[in-house]
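Colleague: Pasting in a structure now, in structure tokens, and then I'll have a few things to ask.
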Ligand code: ADP
Ligand code: GN1
Ligand code: MG
């Protein structure tokens, strides 16, 4: 739900911004939080920008715990960046504390708001406009994962339990099909069948984590291309954003989610499915960048399982979109009727294409095995 200008101005007053905001406008294309760009004019006449977000506290049930994670993770990253001679004000998210000294403002109507420094001179892309950007995003997400390898995982709150627990997502999906509260299952028969035919796949990564075949790491868990800022001058992935889901997970989740979104030749919500496919050149480029960014920290098994990470994250995301469609679109923001059904269809089309290209995907990943 969008807020009015008056409300937004009142909220902004709870943060120490320079002067009164000149403009506050909806910003970005995230599916979860309500994001606004706040522009202020400083005493010296220069503009200063901030990101103001109303956190989605229906989805993130413990906003306080979430912001504790964000503070701990951003402080940790800023220290590592400083040690490496980088600019912690630009290469990590910077939370602006509210006037009462908290990392968020809790309004009387129950909403939660937070503010970040705006990362200047960088862009978050909704599509791969240039393969080089996608490669650089891979290096940066891999590096992010590597930096967090020494982060105290036990201190993290689980902001969304079972976030990438695919069997659990499948169980919730089956329940949604059974209940069919909106009488929409009829419209999605083909997609429902598609998921059920892949029931066995859903367990693969969870089982490997449970058996220790692949390691549990601190991961981002939402690594789509628009969750990284690419420097406008250097083209490097300068700052990883959207840290709401940083939790223990698998590197294959991060890798896979990036492929799901960025290696798709079409948009996530494209209606014309003939435009959807898995671009193997982009797949290869991202794989190269991610392995490099992780700096040798991926195990042989993880490398072998990269294609499975890509396929399962895409299947899981499709399952989530379809579940939301069946349940009445209460989770992801939608901008048209059947938006979530369209999104689910692109994901399944992408999964099918990956299955057709499976041997090539494996060959690409296996180039990085050292043994
Ligand atoms: P959501 O969880 O809804 O995806 P994000 O935190 O990803 O929310 O923010 C939505 C969009 O806002 C991002 O994709 C990006 O374009 C922009 N954005 C978020 N934080 C910043 C920032 N600190 N500087 C510049 N742009 C940002
Ligand atoms: C959401 O927040 P955003 O728009 O970056 C979602 C991801 C999905 C993605 C699909 C917290 O990401 O898990 O993969 O949409 N984030 C959350 O585009 O559920
Ligand atoms: Mg986002």
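The values are calculated or read from the model by the stated rules, or taken from the named source; none is laboratory data. Please read these numbers as outputs of a predicted model, since none were measured by experiment. Don't worry about glycine lacking a Cβ; one is built from the backbone with ideal geometry, like all the others, and counts go over all protein chains shown.
Colleague: Among the residues of the stretch 173-188, are any under 22 Å from the mean Cα position of the chain (by Cα) and either in a helix (DSSP H, G or I) or touching a residue at least 12 places away in the same chain (Cβ under 8 Å) (or both)?
Modeller: Within the stretch 173-188, one or more residues are under 22 Å from the mean Cα position of the chain (by Cα) and either in a helix (DSSP H, G or I) or touching a residue at least 12 places away in the same chain (Cβ under 8 Å) (or both).
Colleague: Taking the stretch 10-38, which residues are away from ligand 3 (no atom under 16 Å from the Cβ) and over 22 Å from residue 94 (Cβ atoms)?
Modeller: 10
Colleague: Mind checking which residues of the stretch 40-55 are more than 16 Å from ligand 3 (Cβ to nearest atom) and either in a helix (DSSP H, G or I) or at pLDDT 95 or above (or both)?
Modeller: Those that are more than 16 Å from ligand 3 (Cβ to nearest atom) and either in a helix (DSSP H, G or I) or at pLDDT 95 or above (or both): 49, 50.
Colleague: Does residue 318 satisfy the criteria of being closer than 30 Å to residue 186 by Cβ, surrounded by fewer than 21 Cβ atoms within 10 Å (Cβ to Cβ) and more than 16 Å from ligand 3 (Cβ to nearest atom)?
Modeller: no
Colleague: Would you say residue 35 is assigned to a strand (DSSP E or B), surrounded by 14 or more Cβ atoms within 10 Å (Cβ to Cβ) and within 22 Å of the chain's Cα centre (by Cα)?
Modeller: Here the answer is yes, as residue 35 does meet what is asked.
Colleague: Could you tell me whether residue 110 is in contact with a strand residue (DSSP E or B) (Cβ under 8 Å, 6 or more places away or on another chain), surrounded by fewer than 17 Cβ atoms within 10 Å (Cβ to Cβ) and on the phi > 0 side of the Ramachandran plot?
Modeller: Judged against the criteria, residue 110 is not a match.
Colleague: Against the condition within 22 Å of residue 208 (Cα to Cα), under 20 Å from the mean Cα position of the chain (by Cα) and in contact (Cβ under 8 Å) with a residue 60 or more places away in the chain, how does residue 289 come out, does it pass?
Modeller: It is false that residue 289 is within 22 Å of residue 208 (Cα to Cα), under 20 Å from the mean Cα position of the chain (by Cα) and in contact (Cβ under 8 Å) with a residue 60 or more places away in the chain.
This table checks each residue for (1) closer than 30 Å to residue 320 by Cβ; (2) within 16 Å of ligand 1 (Cβ to nearest atom); (3) in contact with a helix residue (DSSP H, G or I) (Cβ under 7 Å, 6 or more places away or on another chain).
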site: 13; (1), (2), (3): no, no, no
site: 33; (1), (2), (3): yes, yes, no
site: 54; (1), (2), (3): yes, yes, no
site: 71; (1), (2), (3): yes, yes, no
site: 78; (1), (2), (3): no, yes, no
site: 85; (1), (2), (3): no, no, no
site: 96; (1), (2), (3): no, yes, no
site: 108; (1), (2), (3): no, no, no
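Colleague: Answer yes or no as to whether residue 66 is closer than 29 Å to residue 269 by Cβ, within 14 Å of ligand 1 (Cβ to nearest atom), assigned to a helix (DSSP H, G or I) and modelled with pLDDT of 95 or more.
Modeller: Here the answer is yes, as residue 66 does meet what is asked.
Colleague: Can you find even one residue in the stretch 193-212 that is surrounded by fewer than 23 Cβ atoms within 10 Å (Cβ to Cβ) and within 16 Å of ligand 3 (Cβ to nearest atom)?
Modeller: no
Colleague: Same structure again: Please identify the pairs in which a residue from the stretch 45-69 that is more than 10 Å from residue 159 (Cβ to Cβ) and touching a residue at least 40 places away in the same chain (Cβ under 8 Å) has its Cβ atom under 7 Å from the Cβ atom of a residue that is part of a helix (DSSP H, G or I) and within 16 Å of ligand 2 (Cβ to nearest atom), counting only partners at least 6 apart or on another chain.
Modeller: As it stands, the answer is 55/63; 57/63, since those pairs meet every condition given.
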